[in-house]
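The values are calculated or read from the model by the stated rules, or taken from the named source; none is laboratory data. Keep in mind that what you see is a predicted model, and the values were worked out from it rather than measured. Cβ placement follows ideal geometry from the backbone for every residue including glycine, while neighbour counts extend to all protein chains displayed. Each accessible area value is taken on the protein alone, full model and side chains, heavy atoms only, with ligands, DNA and RNA left out. Shrake-Rupley method; radii C 1.70, N 1.55, O 1.52, S 1.80 Å.
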Amino acid sequence: MHEMQVVKIKKIIKETKRIKTFILDLDVSAIPGQFVMVWLPGVDEKPMSVSYTKGDLGITVLRLGDFTRRLFELSPGDMLGIRGPMGRGFKVYGDKLLLVGGGVGVAPLAPLAEEALAEGKEVTAIIGAITKSELLFVDRIEKAGGRVLISTDDGSAGKKGFTTDVLRELLEEETFDQCFTCGPEIMMAKVLDITREKKIPTQASLHRYFKCGIGICGQCVLDGIGLRVCKEGPTFRDKELRKSPEFGRYWRNAAGQKIYFGGKK
Amino acid sequence: MLEVELCGIKLRNPTMLASGILGTSGAALKRVALSGGAGAIVTKSIGLTPREGHRNPTVVEINGGLISAIGLANPGYEEFGDEIRVAKEGGVPVIGSVYGFNFGEYAAVAETLQKYGVDAIELNISYPNVGKAGAFFGYSEELSHEVVKEVKKRVSLPVFAKLTAGAGDIVAIAKACEDAGADAITAIGALRAMKIDLITGKPILGNEVGGLSGPCIKPIALRCVYEIAREVDIPVIGCGGITTGEDAVEFFLAGARAVQIGTGVLYRGITIFKKVSQEIKEYLEENGYSSVDEIVGLALR
Ligand SMILES: Cc1cc2nc3c(=O)[nH]c(=O)nc-3n(C[C@H](O)[C@H](O)[C@H](O)COP(=O)(O)OP(=O)(O)OC[C@H]3O[C@@H](n4cnc5c(N)ncnc54)[C@H](O)[C@@H]3O)c2cc1C
Ligand SMILES: Cc1cc2nc3c(=O)[nH]c(=O)nc-3n(C[C@H](O)[C@H](O)[C@H](O)COP(=O)(O)O)c2cc1C
Ligand code: FES
């Protein structure tokens, strides 16, 4: 049973202008890629990937709309409700790993990098953001011993362009046993196209609107495959996602209506 | 041995998916039929216009069950045809659940779902968490009668009325529905309940109160089925807290012809329908019965 646990915020770390990490007074052992439902009493409850998976639980949040704006107003000592960790985390195979993260999508990839490096695996991470000051967890992954390649939309750091541009170039030179990706869905769809050509098995962490978070309401189910993002996901294998006509094309709002990425049908 | 017939609809086994569990998505309904093994599937309750439902938290787990307040979220009947088409690929009967804020809405949505090809209509007059919809009708004999009558005028399919134990006299409501032409009664829906967090002192659910479901409501549901089955001639479908074959058998003994399972999916996964069916079969075999029908209503005699 996933009872709601109300816990204190121990520490808040400002990662970038728009991203903060909240370290909670909650001892966990989560698998990277799993998520928690975060309740801000009286406001709302939303899914967040676990960004610190051992010891005190951490989540890393991008300020976007009302809920995250309210989260950003909190201080250490304030309370949050947590259900979880839940869902299926990433499963690591092989010794040479490639991570591709865009924006706050790096949140579940950083603990994956740390764990894999601690086990003696080789990790290369491609990290992208709109601009240099919004890059997330570059130092964290480098400190753990990973190699980091960077892209920014405006060219203020690393390659000017997208993570997928860096990915394409890298795969001309090298290959990997496994790829893991999290970020905007259009980006992940492109990553899957590229790694498919190079025959690199890939896992992606998906984002859908969540209500129950425990696999009973049906809100987050993917068309074509009928899998629940909150239960069988949020991480999926490339071969599962390719069977869903929904992946990379649309998601469903709170009413269950289809909303197409980029506004087109 | 497990086949049953309900208002002329043949079910390969007597386990049905209850409304509102995985039911907004055709792909999920199909999966519940194909890998889950359900004998029939009921869609999420569909209304006239799209609804986002209540704010999160929409569910809270408690000892023995779940309190939920999704708030009748649904994409509206116009967009739901696609989902029903996909759900039907599951190869089992699809029952379209309908809610409304007035008689006309119930009738209009039911008529459209019939056009989409559902096998029966279930009228949600049981849902307790949205003001003047659902249980608002199910609390009153007069309004229940009127909803069923208006819908029966517009559709030719079997119509089930899904009742709430929140009504003062659920047997009187069941009779009112039978009089109005209902073809079956589903009993029961979730019961009004709440959960307060001790640290913040606040109700956890976004809607503050929600509907209680799961094993903790089973004895109430069973009592309702027993009392209704004693008084009406139309089939009764049992719902509330069923997670095992033994639970289902209890409902059959109390007079139910089939059962619906909702929250049980949380405890035993999507394949709960297969598991419960197998357990029902074992009970029948061990006790020398050759069909579910043979044990329906034994406790009433
Ligand atoms: C498995 C999973 C892991 C996530 N991990 C992170 C994370 O580590 N860091 C992070 O910053 N964000 C994460 N998110 C996204 C997060 O849940 C919120 O969607 C996001 O923070 C929007 O916040 P908002 O309500 O302030 O913005 P809003 O302006 O209200 O919403 C912006 C968009 O967020 C999405 N959204 C809104 N409500 C929900 C909801 N209940 N469930 C899912 N999506 C919703 C919608 O697409 C909406 O258009 C994750 C989502 C999922 C499903
Ligand atoms: C998350 C959730 C959503 C529900 N939505 C609906 C609904 O839309 N329409 C309806 O008639 N019943 C709805 N119900 C009630 C169930 O169909 C069922 O009657 C109730 O949960 C009792 O059965 P159970 O204990 O097997 O879950 C919902 C229940 C849950 C838990
Ligand atoms: S959010 Fe309810 S099934 Fe996934």
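Ignoring ligands, DNA and RNA, please state the percent of accessible area on chain A from carbon and sulfur, probe 1.4 Å. Let's see the in-between values first.
Values: 5310 of 10810 Å².
Roughly 49 percent, rounded to a whole number.
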(message) Using a 1.4 angstrom probe on the protein heavy atoms only, could you order B:R301, A:R18 from most to least accessible area?
(response) B:R301, A:R18
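By the scheme Lys and Arg +1, Asp and Glu -1, what is the net charge of all other residues having a beta-carbon under 11 Å from that of B:Y267?
Details: positive: B:R268, B:K275; negative: B:E61.
So the environment of B:Y267 carries a net charge of +1.
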(message) Using the Karplus curve 6.51 cos²θ - 1.76 cosθ + 1.60 with θ = phi - 60°, what ³J(HN,Hα) values do you get for each residue of the stretch A:175-191, in whole Hz, with x for Gly and Pro?
(response) 10, 9, 7, 8, 10, 10, 9, 8, x, x, 5, 4, 4, 5, 4, 5, 4
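Nearest 0.05, what FRET efficiency do A:D139 and A:E172 give at R0 = 30 Å with Cβ-Cβ as r? Walk me through the intermediate numbers first.
Values: r = 28 Å, r/R0 = 0.92.
With a Förster radius of 30 Å, E is 0.65.
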(message) Is the C-alpha gyration tensor of the stretch B:138-280 telling us rounded, prolate or oblate? Criteria: a/c under 1.5 is rounded; beyond that, a/b larger than b/c is prolate, otherwise oblate.
(response) oblate
(request) Provide the percentage of antiparallel DSSP beta bridges, counting only those with both residues in the protein assembly as shown; round to the nearest 5. (result) 50 percent
(request) Name the residue, out of B:F251, B:F160, B:F101, whose mean-square fluctuation peaks in a Gaussian network model built on chain B with Cα pairs under 10 Å. (result) B:F101
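Normalised by the number of residues in the stretch B:4-300, what is the relative contact order in percent for Cα pairs under 8 Å and 6+ residues apart?
Numbers: 742 pairs, mean separation 54.7, N = 297.
Computed value for the stretch B:4-300: 18 percent relative contact order.
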(request) For the stretch A:142-220, calculate the relative contact order in percent as a whole number, restricting contacts to Cα pairs under 8 Å that are 6 or more residues apart. (result) 19 percent
(message) Do any residues of the stretch B:260-299 show a loss of at least 50 square angstrom of accessible area between the isolated chain and the full protein assembly, using a 1.4 Å probe, and if so which?
(response) B:L266
(request) Keeping all protein chains in position, work out how much accessible area A:K11 exposes to a 1.4 Å probe, and write it in Å² to the nearest 10. (result) 110 Å²
(request) Among the listed pairs A:K211/B:K202; A:K121/A:K211; A:K243/B:K152; A:K258/B:K195; A:K91/B:K202; B:K153/B:K275, give every one whose C-alpha distance is greater than 29 Å. (result) A:K121/A:K211; A:K243/B:K152; A:K258/B:K195; A:K91/B:K202; B:K153/B:K275
(message) Under a crude label model (7 Å from the Cα following the beta-carbon direction), how far is A:F261 from B:E279 in nanometres?
(response) 4.1 nm
(request) Mind checking the per residue accessible area of the stretch A:146-265 for me, 1.4 Å probe, whole number of Å²? (result) 42 Å²
(message) Would any residue of the stretch A:74-118 have its amide N under 20 Å from a label point 7 Å out along Cα→Cβ of A:L64? List them or say none.
(response) A:74, A:81-90, A:100-111
(request) Apply 1/(1 + (r/R0)^6) to the Cβ-Cβ distance of A:R147 and A:K198, taking R0 = 25 Å, and write down the FRET efficiency to the nearest 0.05. (result) 0.90
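Taking every eigenvalue of the Cα gyration tensor of the protein assembly as shown, multiplying by 5 and rooting it, what semi-axes result, largest first, whole Å? Can you show the working numbers first?
Values: eigenvalues 432, 112, 93 Å².
Semi-axes, largest first: 46, 24, 22 Å.
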(request) Using the heavy atoms of the protein chains and a 1.4 angstrom probe, tell me the accessible area per residue for the stretch A:1-109 in square angstrom. (result) 39 Å²
(request) For peptide A:79-86, compute the average count of partner chain beta-carbon atoms within 10 Å of each residue's beta-carbon. (result) 2
(request) Under a 10 Å cutoff between Cα atoms, tell me which one of B:G240, B:G47, B:G168 has the largest fluctuation in the Gaussian network model of chain B. (result) B:G168
(request) Sort out for me the Cα centre separation of the stretch B:15-60 from the stretch B:170-247, rounded to whole Å. (result) 17 Å
(message) Rounded to the nearest 10 Å², what accessible area does A:K54 have for a 1.4 Å probe in the complete protein model?
(response) 110 Å²
(request) Ignoring everything but the protein chains, give the 1.4 Å probe accessible area of B:Y289 in square angstrom, nearest 10. (result) 60 Å²
(message) Testing the spin-label approximation: label points 7 Å from Cα along Cα→Cβ at B:S35 and B:K132. State their distance in nm.
(response) 4.4 nm
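Round to a whole number: what % of the accessible area of chain B belongs to carbon and sulfur, probe 1.4 Å? Let's see the in-between values first.
Values: 5060 of 10520 Å².
Its accessible area is 48 percent carbon and sulfur atoms.
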(request) Starting from the Cα gyration tensor of the stretch B:1-108, take the square roots of the eigenvalues, sort them a ≥ b ≥ c, and report rounded, prolate or oblate (rounded when a/c is under 1.5, otherwise prolate if a/b is larger than b/c, else oblate). (result) oblate
(request) Please work through the protein assembly as shown and write down the cysteines that have no neighbouring cysteine Cβ at a distance under 4.7 Å. (result) A:C179, A:C182, A:C220, A:C230, B:C7, B:C177, B:C216, B:C224, B:C239
(message) Just to check I understand the Karplus step: with θ = phi - 60° and J = 6.51 cos²θ - 1.76 cosθ + 1.60, what whole-Hz values come out for the stretch B:102-113, glycine and proline as x?
(response) 7, 4, x, 5, 3, 5, 5, 5, 4, 4, 5, 4
(message) Between B:D293 and A:S29, what is the label-point separation in nm under the 7 Å Cα-to-beta-carbon projection?
(response) 5.5 nm
(request) Would you mind classifying chain B by shape? Square roots of the alpha carbon gyration tensor eigenvalues, ordered a ≥ b ≥ c; an a/c under 1.5 is rounded, otherwise it is prolate if a/b is larger than b/c and oblate if not. (result) rounded
(request) Mind telling me which of A:S205, A:S51, A:S29 comes out most flexible in a GNM of chain A, alpha-carbon contacts under 10 Å? (result) A:S29
(message) If the reach is capped at under 20 angstrom between alpha carbons, list the aspartates and glutamates near A:K20, excluding any in the same chain fewer than eight residues apart.
(response) A:D44, A:E45, A:D56, A:D66, A:E73, A:D78, A:E114, A:E134, A:D139, A:E142
(request) Give the percent of DSSP beta bridges with both residues in the stretch A:96-263 that are antiparallel, rounded to the nearest 5. (result) 25 percent
(request) Provide a list, ordered by number, of residues in the stretch A:217-262 showing at least 50 Å² less accessible area with every protein chain present than when their chain is taken on its own, using a 1.4 Å probe. (result) A:C217, A:R228, A:A255, A:Q257
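Can you compute the helix-only [θ] at 222 nm over the protein assembly as shown? Use -39500 (n - 2.57) per DSSP H run of at least 4 residues, normalise by all residues, nearest 500 deg cm²/dmol.
Details: 16 runs with 153 residues, N = 566.
One gets -8000 deg cm²/dmol as the mean residue ellipticity at 222 nm.
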(message) Cβ neighbours within 10 Å, averaged per peptide: list B:55-65, B:76-86 in order, most packed at the top.
(response) B:55-65, B:76-86
(request) Can you sort A:F162, B:F137 by 1.4 Å-probe accessible area, starting with the largest? (result) A:F162, B:F137
(message) Can you find, among B:A27, B:L11, B:C239, the residue sitting farthest towards the positive end of the charge dipole of chain B, where Lys and Arg contribute +1 and Asp and Glu -1 at Cβ?
(response) B:A27
(message) Taking θ = phi - 60°, what integer Hz values does the Karplus form 6.51 cos²θ - 1.76 cosθ + 1.60 yield along the stretch A:110-117, in sequence order, with x for Gly and Pro?
(response) 4, x, 5, 4, 4, 5, 5, 5
